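The values are calculated or read from the model by the stated rules, or taken from the named source; none is laboratory data. What you see is a predicted model, and the numbers here were worked out from it, not measured in a lab. Cβ atoms come from the backbone with ideal geometry, glycine included; neighbour counts cover every protein chain shown.
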């Protein structure tokens, strides 16, 4: 069958194309794909999502109708069914799945108009109120942590924003780790947050609050998290080498996706510790930048900071904390760095302490809302970085 690239900057265009692809009435659609020429894809394909991820290396993930539908039904099984608000880019798998959930539920999604802001989100959320047979229809949305932080900040000053946040039966939050302090703020505010874990290769979030969705299986092999189940992608378009490496079949015939994430399974609950490849070697010792980042974000002024690795003349590599000036405020840089270094040393060890703090106007982000770590690394390598 044919795959036709679709501009993913217009969610309504994506919605129409996804609806046709899911119902088998139209070609598969390609999101985030360069060029415009149709290409052949496996039968049953609904969408191909091309993402660059944090490394800048593009991958085109082939998602079938069955995988997307299985994910939607498992989500409804866990959190319930209702109306959905799209507040993420439609070309990002979490945004795409908002549209698919709405299609499967037979409801038109609400779509946030224009640039994301507390005001536009609030207007869209409060316009969703409806009833079915006299009973209120539950509402849902998906956000990334940076959006949650922005909305909670606004809600502290505006009760209308708080009312909008509280109106949702559940707000799925994924794309990156949700800082513990942000989650606590949401809970204290009465906002129902569900932390999700997954990727384009798993049709989006497949583990909610550490527990896999119905039909999803988890394993940790050599410290790496693996996922199995009906939500898995078929592989990578035109890259059999990448597909073979990422999707493996065990002796029992079960197909697993190798996530590349370092994690633990404790009493059936998954805990992610970071990326296995997001590691630097400083003074001959391996340091997980994700682990350092988790600790750094507990320090006041660094709640949304990003930790990246840079070359270091003495140690070979070192970690740097990058944070926006707006979040950092008027705090004393030396004092905050000292607090961050002390916290990291107490948890990981002196070898993992960050070397410095870099203040920027705004953290660069990918279309998904995740921090663009590759852009940060390149900027820090540049003269004066």
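Inside segment 227-262, residues that are over 20 Å from residue 64 (Cβ atoms) and either touching a residue at least 24 places away in the same chain (Cβ under 8 Å) or surrounded by 22 or more Cβ atoms within 10 Å (Cβ to Cβ) (or both) make up a count of 3. Give the number of residues within segment 286-326 that are in contact with a helix residue (DSSP H, G or I) (Cβ under 7 Å, 6 or more places away or on another chain) and outside any loop (DSSP other than H, G, I, E, B). Counting residues in segment 286-326 that are in contact with a helix residue (DSSP H, G or I) (Cβ under 7 Å, 6 or more places away or on another chain) and outside any loop (DSSP other than H, G, I, E, B) gives 13. Note on segment 26-38: among residues that are out of contact with any helix residue (DSSP H, G or I) (no Cβ under 8 Å at 6 or more places or on another chain) and at pLDDT below 90, the one that is nearest to residue 97 (Cα to Cα) is 32. Only one of the listed residues (339, 335, 343) is modelled with pLDDT of 95 or more and in contact with a helix residue (DSSP H, G or I) (Cβ under 6 Å, 6 or more places away or on another chain). That residue is 343. So, residue 308, is that one under 21 Å from residue 177 (Cβ atoms), at pLDDT 95 or above and under 21 Å from the mean Cα position of the chain (by Cα) or not? Spelling it out, it is not the case that residue 308 is under 21 Å from residue 177 (Cβ atoms), at pLDDT 95 or above and under 21 Å from the mean Cα position of the chain (by Cα). Scanning segment 341-372 for residues that are surrounded by 20 or more Cβ atoms within 10 Å (Cβ to Cβ), touching a strand residue (DSSP E or B) at 6+ places or on another chain (Cβ under 6 Å) and assigned to a helix (DSSP H, G or I) yields a total of 1. Among residues of segment 84-99 that are on the phi > 0 side of the Ramachandran plot, none has a beta-carbon under 7 Å from a residue that is surrounded by fewer than 24 Cβ atoms within 10 Å (Cβ to Cβ) at least six positions away or on a different chain.
Filtering 30, 106 for residues that are surrounded by fewer than 17 Cβ atoms within 10 Å (Cβ to Cβ) and over 18 Å from the mean Cα position of the chain (by Cα) leaves a single hit, 106.
Just one of the listed residues (125, 129, 94) is crowded, with 22+ Cβ neighbours inside 10 Å and either assigned to a loop (DSSP other than H, G, I, E, B) or over 15 Å from the mean Cα position of the chain (by Cα) (or both), and it is 125. Take the conditions (1) assigned by TED's automatic domain parsing to the domain that holds residue 351; (2) free of Cβ contacts under 8 Å to residues at least 12 places away in the same chain; (3) farther than 21 Å from residue 378 by Cβ; residue 300 misses just one of them, which is (2). Being closer than 25 Å to residue 370 by Cα, within 20 Å of the chain's Cα centre (by Cα), modelled with pLDDT under 95 and not in a loop (DSSP other than H, G, I, E, B) holds for only one residue in 50, 75, and it is 50. The residues in segment 122-142 that are out of contact with any helix residue (DSSP H, G or I) (no Cβ under 6 Å at 6 or more places or on another chain), within 27 Å of residue 366 (Cα to Cα) and free of Cβ contacts under 8 Å to residues at least 60 places away in the same chain can be counted, and the count is 4.
Looking at segment 163-174, can you tell me whether even one residue there is within 24 Å of residue 50 (Cα to Cα), assigned to a strand (DSSP E or B) and not assigned by TED's automatic domain parsing to the domain that holds residue 294? Spell out how you get there, then give the answer.
The initial filter retains those residues of segment 163-174 that are within 24 Å of residue 50 (Cα to Cα), namely 172-174.
Filter once more, keeping what is assigned to a strand (DSSP E or B): 172-173.
Now narrow it down to the ones that are not assigned by TED's automatic domain parsing to the domain that holds residue 294: 172-173.
For segment 163-174, residues within 24 Å of residue 50 (Cα to Cα), assigned to a strand (DSSP E or B) and not assigned by TED's automatic domain parsing to the domain that holds residue 294: present.
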